[in-house]
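The values are calculated or read from the model by the stated rules, or taken from the named source; none is laboratory data. Values in this document were obtained by computation on a predicted structure and should not be read as measured data. Here Cβ is always computed from backbone atoms with ideal geometry, including for glycine, and neighbour counts include all displayed protein chains. Accessible surface is based on the protein model in full, side chains and every heavy atom, while ligands, DNA and RNA are left aside. Shrake-Rupley method; radii C 1.70, N 1.55, O 1.52, S 1.80 Å.
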Amino acid sequence: MDSGIGLLAAAAAVRRLHPGADLVLSSDPDTMPWGNAPEKVKGLALAAAEAAAAHRPDALIVACNTASVHALPALRARLEPELPVIGTVPAIKPAAATGGPVAIWATPATTGSPYQRGLIEEFAAGVSVTEVPCPGLADAVQEADEEAITRAIEAAAALTPPEVTTVVLGCTHYELVAERIRAAVRQRDAQPLVLLGSAEAVVAQALRRIRERDVVDADGPAENAYDPEDAEDTEGTLTVLLGGREAALPSAALTYAEGRLLAASDPLLKA
């Protein structure tokens, strides 16, 4: 779940790892951006999550940094333990492990927030970290507005110190334009730029949580335990929920490689 198509990166990671997995993508793009008001974000996130939960998934990935910041405890209180809920955390810890310097690209609401500053203090003490606000970038990616994407990336790149070696993509939408960000930030004769998103890590955590839930005792997994290898020879299904209603993938999603990968299993696009 996400406010919009930022969830494509995590969903595509699941599809690449386990082609037979059935996916439910729940978002509410009409309410974007969700902003930084905790009670508003909680309400919108709970609605998107409950729409997905009605399809009885094995796990719920909160593929949204804003929802993870403001709504994760409420989502877990509502849905766990029956449904494992996995949040998205900016990849600040692995970024700091590179030694830096590091730039964190995030929405203006997240940049400088106590949440992000706390992660920097906890995981990146002693590392040079620059917080880079990216106004308009998530909305531009959501609309697949090429000119707006270019302007927003160029503006953020101008705020990124030239010595930066690692960029944290602190919004799931940004992962859809990662290579454009790399091209904008790359410095001549510099070492290759490291871009760190959250999709792969959050998917790995989701699969761990599913397996942990299904192991009922020392004798092994329950009879209905999730085993991705069982589904490798089948084509996984795709259900898209927009504001809780079934729909086709938005046309903007097809602009991105992740969206095109998922579109192959969208029955409404095949019709």
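Values as computed for the structure displayed
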item: Conditions (1) small (Gly, Ala, Ser); (2) more than 29 Å from Leu207 (Cα to Cα); (3) surrounded by 19 or more Cβ atoms within 10 Å (Cβ to Cβ): number failed by Ala67; result: (2)
item: For Thr165: the one exception among (1) closer than 21 Å to Val62 by Cα; (2) of a type in the set (Ser, Thr, Tyr); (3) modelled with pLDDT under 95; result: (1)
item: Output for the range 248-271, where each listed residue is open to solvent by 30 Å² or more (accessible area, probe 1.4 Å) and outside any loop (DSSP other than H, G, I, E, B); result: Ser251, Leu254, Thr255, Ala257, Glu258, Arg260, Leu261, Pro267, Leu268, Leu269, Lys270
item: Count of the range 226-247 residues which are open to solvent by 30 Å² or more (accessible area, probe 1.4 Å), modelled with pLDDT under 70 and touching a helix residue (DSSP H, G or I) at 6+ places or on another chain (Cβ under 8 Å); result: 1
item: Unmet criterion (only one of (1) open to solvent by 40 Å² or more (accessible area, probe 1.4 Å); (2) over 18 Å from Asn36 (Cα atoms); (3) in contact with a Ser or Thr (Cβ under 7 Å, 6 or more places away or on another chain)) for Ala95; result: (1)
item: Sole exception among (1) closer than 30 Å to Gln191 by Cβ; (2) not in a helix (DSSP H, G or I); (3) not β-branched (Val, Ile, Thr) for Leu83, by number; result: (1)
item: The range 242-253: number of residues that are farther than 23 Å from Ala53 by Cα and either of a type in the set (Asp, Glu) or over 17 Å from the mean Cα position of the chain (by Cα) (or both); result: 1
item: Cβ pairs under 8 Å, 6+ apart, first in the range 25-43 and at pLDDT 85 or above, second open to solvent by 50 Å² or more (accessible area, probe 1.4 Å); result: Asp28/Ala47
item: Subset of the range 181-202 (residues that are farther than 23 Å from Arg15 by Cα and either open to solvent by 30 Å² or more (accessible area, probe 1.4 Å) or in contact with a Cys (Cβ under 6 Å, 6 or more places away or on another chain) (or both)); result: Arg182, Ala183, Ala184, Arg186, Gln187, Arg188, Asp189, Ala190, Gln191, Pro192, Val194
